[in-house]
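**Student:** Submitted below is the structure of interest, expressed as structure tokens.
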Amino acid sequence: MAELALEVRRVRKEFKGGIVALDGIDLEVRRGELICLLGPSGCGKSTLLNAIAGFTQPTSGEILAFGKRVVRPEPERAMVFQEYALFPWMTVRDNVAFGLRIRRDREARAKADALLDKLALRGFGDRFPKDLSGGMRQRVALARCLALDAPMLLMDEPFGALDALTRRSMQDELLRIWTELKQTIAFVTHGIEESLLLADRVVVMTYRPGTVKKIIPVALPRPRDETTPEFSAALRAITQMVREEQRRHEQAEQT
Amino acid sequence: MRLVRSIAVVFATLLAWEIVCRAARVSPAILPPPSQVARKWWEYLVTGELPRDAVATLLRVVVGFLIGAGLALPLGLWMGARERIYELFNPIVQLLRPIPPIAYIPLAILWFGLGNPPAFFLISLGAFFPVLMNTIAGVRTVDAIYVRAAENLGAPAGTLFWRVLFPGAMPSILAGLRVGIGVAFIVVIVAEMIAVNSGLGYRILEAREYFWSDKILAGMISIGVIGLAIDTAMARLNGRLLRWHRGLEHG
């Protein structure tokens, strides 16, 4: 069993028209580690996540997940999208059971219901996604991924569309699940505080071309408390770094 | 209250019509008063002629619609899901689509003679294109994020099509079916005026030969009521099948 869950090697992604979205990305993530990809919008962090998921292929370089090269999307790397991407024509239960039914799991329904209970969605199994609030929808999306026991979760600004209070409780929910199941998680965010609350390591990315500016280990003990001076100090340090990057990005847009 | 007002407007219109006919002594052969039309309609109904005509017309609509939609749906799904197939067939579809089904009447009679066959042909043609175009558009515009999510969850091609693309396209498909049956109903009236000797379309043309304008109007009103009933039924069906749809959230 390889110690590394994810290896990103010299990945470069070029879009049509010559825009270099990612360049020379090197990243190693251990099993059970929670990393945050942090950077301004347009820095290619979602592009990197999509490449890890297998939705797109890097122009050069390679990505290995659990020692195997990523060539297509697979349930072992389950994606949670910012827009939830729940199938609106299926009930909540059918959404959660979707992956299980593909595997012809006979207990799909029971397992889906158990997950709904676990994520405080009991009684909503027969509802349609449109009847649910944003936070509940994202919990359904999370349940849909958890149903497959994915060893790796890829999360693309999953809480970005939620209000601050809901976001905070979703972060706790995620940490609870991760503490229990110890998946490897790659979490894309532009929230500095969010990255400090969640991550073992924060990967700060630069703007166009997207490169890894710095990887910052977060030594703060868990459960983390954003009101402690240690948290504030760490926040200040990263904020400075990100702001610098933001300034460069703004200058780049002006010229 | 709104309903009461709407009904009041209908009655006021009928009343004005009645008054104009009587006061101006309009020839009943040109425009009979509504009271006379109502009497004629009742007679048309109780003699069993109207029910027979209505059934004949509806039967043609249903058969023609089933043929047209039955061909358009699979072709539309195929064209929507496969870019290669779309590129192959789209030019000819675009070429044929603007030809109104009515323009096929001479060909229909040449090919099928008189009777039900040319009527079925014309009606199915009328239903075909709205269903086809909406099905293609529906499948092609299913949000790519659902496809990604399904692939990510391990969905094979068959599952992707039947559980994601098809239901995702359903709102558009149903809208197409609704338009299609509406067009089929227009075409059936025309087809009956030309190719057959039964049905509502035939009956109002026949009434003209005898200058029975009250029967023409009675027939027209029946056509209107049946058309409205078909459309309402389709709308209800859509609402039932699309309970999940966002557009109905405030419905």
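**Student:** Can you name the number of the only condition in (1) assigned to a loop (DSSP other than H, G, I, E, B); (2) within 21 Å of A:Val188 (Cα to Cα) that A:Asp105 fails?
**Tutor:** With (1) assigned to a loop (DSSP other than H, G, I, E, B); (2) within 21 Å of A:Val188 (Cα to Cα) applied to A:Asp105, the lone miss is (2).
**Student:** Only residues that are of a type in the set (A, V, I, L, M), out of contact with any Ser or Thr (no Cβ under 7 Å at 6 or more places or on another chain) and modelled with pLDDT of 95 or more: list them for the stretch B:73-95, please.
**Tutor:** B:Leu75, B:Met79, B:Ile85, B:Leu88, B:Ile92, B:Val93, B:Leu95
**Student:** Given the structure, is B:Ile173 under 23 Å from A:Phe87 (Cα atoms) and in contact with a Gly (Cβ under 6 Å, 6 or more places away or on another chain)?
**Tutor:** Yes; evaluated as a whole, the condition is true for this residue.
Every residue, every condition in (1) at pLDDT below 95; (2) polar (S, T, N, Q); (3) outside the structural domain of A:Glu157 (by TED's automatic domain parsing), yes or no:
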{"site": "A:Met1", "(1), (2), (3)": "yes, no, yes"}
{"site": "A:Gly17", "(1), (2), (3)": "yes, no, yes"}
{"site": "A:Cys43", "(1), (2), (3)": "yes, no, no"}
{"site": "A:Ser46", "(1), (2), (3)": "yes, yes, no"}
{"site": "A:Leu64", "(1), (2), (3)": "yes, no, yes"}
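**Student:** State the number of residues belonging to the stretch B:134-164 that are surrounded by fewer than 20 Cβ atoms within 10 Å (Cβ to Cβ), in contact (Cβ under 8 Å) with a residue 24 or more places away in the chain and in a helix (DSSP H, G or I).
**Tutor:** 3
**Student:** Within the stretch A:38-76, work out how many residues are touching a Leu at 6+ places or on another chain (Cβ under 9 Å) and among the hydroxyl-bearing types (Ser, Thr, Tyr).
**Tutor:** Of the residues in the stretch A:38-76, 3 are touching a Leu at 6+ places or on another chain (Cβ under 9 Å) and among the hydroxyl-bearing types (Ser, Thr, Tyr).
**Student:** Which of (1) among the hydrophobic types (A, V, I, L, M, F, W, C); (2) modelled with pLDDT of 85 or more; (3) more than 28 Å from A:Arg176 (Cα to Cα) does A:Val204 not meet, given it meets every other one?
**Tutor:** Status for A:Val204: all satisfied but (3).
**Student:** I'm trying to understand the selection: among the residues of the stretch B:167-207, which are polar (S, T, N, Q) and part of a helix (DSSP H, G or I)?
**Tutor:** Matches in the stretch B:167-207: B:Ser172 only.
**Student:** If you don't mind, there's one more thing I want to ask. Check the stretch A:22-39 and report whether any residue there is part of a helix (DSSP H, G or I), in contact (Cβ under 8 Å) with a residue 12 or more places away in the chain, outside the structural domain of A:Val212 (by TED's automatic domain parsing) and not hydrophobic (A, V, I, L, M, F, W, C).
**Tutor:** no
**Student:** Shifting gears a bit: Determine whether the stretch A:28-39 contains at least one residue that is surrounded by 15 or more Cβ atoms within 10 Å (Cβ to Cβ), within 12 Å of chain B (Cβ to nearest Cβ), within 17 Å of the chain's Cα centre (by Cα) and charged (D, E, K, R).
**Tutor:** No, the conditions are met nowhere in the stretch A:28-39.
**Student:** Please verify whether the stretch A:121-140 includes one or more residues that are within 14 Å of another protein chain (Cβ to nearest Cβ), buried (at least 17 other Cβ atoms within 10 Å of the Cβ), basic (Lys, Arg) and over 30 Å from A:Val11 (Cβ atoms).
**Tutor:** Yes, the conditions are met somewhere in the stretch A:121-140.
**Student:** Could I ask something else about it? Counting only residues that are under 11 Å from the mean Cα position of the chain (by Cα) and more than 15 Å from A:Arg12 (Cβ to Cβ), how many does the stretch A:46-62 have?
**Tutor:** Of the residues in that region, 3 qualify.
**Student:** Looking only at the stretch A:173-191, which residues are of a type in the set (D, E, K, R) and out of contact with any helix residue (DSSP H, G or I) (no Cβ under 9 Å at 6 or more places or on another chain)?
**Tutor:** A:Arg176, A:Glu180, A:Lys182
**Student:** Here is a further query. Within the stretch B:89-116, take every residue that is of a type in the set (A, V, I, L, M, F, W, C) and within 26 Å of B:Leu174 (Cβ to Cβ) and give me the one that is nearest to the chain's Cα centre (by Cα).
**Tutor:** B:Ile102
**Student:** Give the residue, chosen from B:Ala38, B:Ala119, B:Ala56, that is of a type in the set (Gly, Ala, Ser) and either closer than 30 Å to B:Pro171 by Cα or not in a helix (DSSP H, G or I) (or both).
**Tutor:** Every option except B:Ala119 fails the conditions.
**Student:** While we're on this one: Taking the stretch A:216-255 on its own, how many of its residues are in contact (Cβ under 8 Å) with a residue 60 or more places away in the chain and over 15 Å from A:Gly191 (Cα atoms)?
**Tutor:** Of the residues in that region, 1 qualify.
**Student:** Still on this structure, please answer the following. Within the stretch A:76-97, is even one residue among the aliphatic types (A, V, I, L, M), more than 13 Å from every other protein chain (Cβ to nearest Cβ) and not in a helix (DSSP H, G or I)? Before the answer, list the steps.
**Tutor:** Going residue by residue through the stretch A:76-97, those that are among the aliphatic types (A, V, I, L, M) are A:78-80, A:85-86, A:90, A:92, A:96-97.
Subsequent filtering for residues that are more than 13 Å from every other protein chain (Cβ to nearest Cβ) retains none.
The answer is no; no qualifying residue exists.
**Student:** Another question, if that's okay. Residues of the stretch A:55-75 being surrounded by fewer than 20 Cβ atoms within 10 Å (Cβ to Cβ) and either in a helix (DSSP H, G or I) or small (Gly, Ala, Ser) (or both), which ones?
**Tutor:** If the condition is that a residue be surrounded by fewer than 20 Cβ atoms within 10 Å (Cβ to Cβ) and either in a helix (DSSP H, G or I) or small (Gly, Ala, Ser) (or both), then A:Ser60, A:Gly61, A:Gly67 are the ones that fit.
**Student:** Restricting attention to the stretch A:55-75, and to residues there that are at the interface with another protein chain (Cβ under 8 Å from one of its Cβ atoms) and out of contact with any Asp or Glu (no Cβ under 6 Å at 6 or more places or on another chain), which single residue is farthest from A:Phe159 (Cα to Cα)?
**Tutor:** By that ranking, first place goes to A:Arg72.
**Student:** Give me the residue from the stretch A:185-212 that is outside any loop (DSSP other than H, G, I, E, B) and touching a Phe, Trp or Tyr at 6+ places or on another chain (Cβ under 9 Å) and, out of that set, nearest to A:Asp26 (Cα to Cα).
**Tutor:** Filtering the stretch A:185-212 for residues that are outside any loop (DSSP other than H, G, I, E, B) and touching a Phe, Trp or Tyr at 6+ places or on another chain (Cβ under 9 Å), the one nearest to A:Asp26 (Cα to Cα) comes out as A:Ile185.
The values are calculated or read from the model by the stated rules, or taken from the named source; none is laboratory data. Bear in mind that the values here come from a model prediction, so they are computed numbers and not experimental data. Quick reminder, even Gly has a Cβ in these numbers, built from the backbone with ideal geometry, and neighbours come from all protein chains shown.
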